[in-house]
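Everything on this sheet refers to the single structure shown next.
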Amino acid sequence: MGASTARKLWDRVTVFDGTRTLPQPMALITCGGRIERLVPSDDLGDDARADCEPMGRGGVITPGLIDCHTHLVFAGQRAAEFEQRLEGASYADIAAAGGGILSTVGAVRAASEDALVDQTRPRLEALIADGVTTIEIKSGYGLRLDDELKMLRAARRLGEELPVRVLTTFLGAHTLPPEFAGRADAYIDEISERMLPKVAEFGLADAVDVFCEHIAFSPAQCERVFQTAARLGLPIKIHAEQLSNQHGTALAARYGALSADHLEWLDDAGVAAMAASGMVATLLPGAFLTLRETRLPPIRALREAGVPMAVATDGNPGSSPMFQLTLMLNLVSTLFGLTPNEALQGVTRHAARALGLIGQAGELAEGRGADFCRWRIDDPVELAYAVQPGRLVQRVFAGRITHGAMNSGVTA
Ligand code: NIG
Ligand code: FE
């Protein structure tokens, strides 16, 4: 194959570039792993067209989707808790009775690293088949050094095995493990003095997360984890204001967090702190739906303050057993009132920012990496409007087609 055939062309496609839907039918040319050209099809000369291998015409191209908040590595399932909640128990009641996160901790501790990889693979494959090219995966169901390392290694292995970029997050401060019952500060010592330094030494985490909540850790305890992360040079993020207002978001903003996630109880001061620090608000409508919450995150205030809003699955066995990012596009619009354009930015450009990947993912532009999806639809808004699997025609990861035919037409 000569150099000329290395160029691949998608022609007369509608492009959502991570910010907006471009007004004209576009031609997108890749070379190697990068986007070489992105121009209106009408402006592409015959010579340039002849220099490319045709990959398809028509449909919509978006950046590869980014799921910036997941707990994808876990063992077992918690369907019984779903039934308990339907009978009236709350998420917090179940946690207080030793279920919830701790029930998954038991299953993860009992599972081998290979078993975790095997149980997680189908969930990751489902997300990949739904257009995800970058995903964040947290630990937090091991809650002791070896089991946290096992989870992070399982996540990294899946990223090596499958065509997807995996970023890992250490969430040792997810809930109090049974060995430390009644000694939360001692567990925070364990995280700060032993667990997190080892995770950093092995290079197994790209970021550090905490669960700041009355059923988890106090702001003061979360702050100690942030101080350790800062000392080790790791970016931070926070599960905040999900079930109550603990003012964790403002704390995280003071430490330069990438994002605060959930935010149903976020107040005006929290919104202002986010805007001033430039952090991302990650919205998790799957957890809102599953827990049948009624209090909405302050979307209008976030929008007016110019806080970038990301959207993620929060895929986990308890509060959001949902492993379809395009479904979140619909939920975040119907439940939270995001416009479809905001929702799409939330799984592309703003999700990239929530992962510290500004300029590296979530946008389509000349010179950028070629991670994108081509969909059998006419308008990007349809991705939020209809809940309809099976519309992904082609998925391109690092310039390589991983799903779909090499040259497929959308319109017959
Ligand atoms: O993001 N809020 C805390 N953590 C997860 C739930 C994890 C679980 O229930 O297993 C969340 O909702
Ligand atoms: Fe979460």
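The values are calculated or read from the model by the stated rules, or taken from the named source; none is laboratory data. Predicted model only: the values in this text are computed from it and were never measured. All Cβ positions, glycine included, derive from the backbone under ideal geometry; neighbour counts span all protein chains shown. Note: accessible area is taken over every heavy atom of the protein model, side chains too, but ligands, DNA and RNA are not part of it. Shrake-Rupley method; radii C 1.70, N 1.55, O 1.52, S 1.80 Å.
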When every residue in the stretch 259-297 that is surrounded by fewer than 21 Cβ atoms within 10 Å (Cβ to Cβ) and of a type in the set (A, V, I, L, M) is compared, the one nearest to ligand 2 (Cβ to nearest atom) is L291
Note on the stretch 194-232: residues without any contact (Cβ under 8 Å) to a residue 24 or more places away in the chain and either open to solvent by 50 Å² or more (accessible area, probe 1.4 Å) or touching a Leu at 6+ places or on another chain (Cβ under 8 Å) (or both) are E201, A220, R231
Contact list, first residue from the stretch 392-405 and more than 15 Å from V13 (Cβ to Cβ), second anywhere and basic (K, R), beta-carbon distance below 7 Å, six or more apart or interchain, is G399/R34; T402/R395; H403/R395
M309 vs (1) touching a residue at least 40 places away in the same chain (Cβ under 8 Å); (2) in contact with a Leu (Cβ under 9 Å, 6 or more places away or on another chain); (3) within 12 Å of ligand 1 (Cβ to nearest atom): all pass except (3)
L258 passes all but one of the listed conditions (1) closer than 30 Å to R391 by Cα; (2) under 15 Å from the mean Cα position of the chain (by Cα); the exception is number (1)
Quiz item: Would you call F226 away from ligand 1 (no atom under 15 Å from the Cβ) and at pLDDT 95 or above?
Solution: yes
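For the stretch 346-363, enumerate the residues that are among the hydroxyl-bearing types (S, T, Y) and over 10 Å from the mean Cα position of the chain (by Cα). Working first, answer last.
Residues of the stretch 346-363 that are among the hydroxyl-bearing types (S, T, Y), as a first pass: 348.
Once the filter is applied, which keeps residues that are among the hydroxyl-bearing types (S, T, Y) and over 10 Å from the mean Cα position of the chain (by Cα), the stretch 346-363 yields nothing.
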Of the residues in the stretch 245-256 that are part of a helix (DSSP H, G or I) and of a type outside the set (S, T, N, Q), the one that is farthest from T70 (Cα to Cα) is R254
So T19, is it more than 16 Å from ligand 2 (Cβ to nearest atom), part of a loop (DSSP other than H, G, I, E, B) and of a type in the set (S, T, Y) = yes
query: Could we say that I101 is of a type in the set (A, V, I, L, M), out of contact with any strand residue (DSSP E or B) (no Cβ under 6 Å at 6 or more places or on another chain) and within 16 Å of ligand 1 (Cβ to nearest atom) here?
result: yes
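Just wondering, is there one or more residues in the stretch 31-51 that are within 23 Å of E342 (Cα to Cα) and in a strand (DSSP E or B)?
Checked the stretch 31-51: at least one residue is within 23 Å of E342 (Cα to Cα) and in a strand (DSSP E or B).
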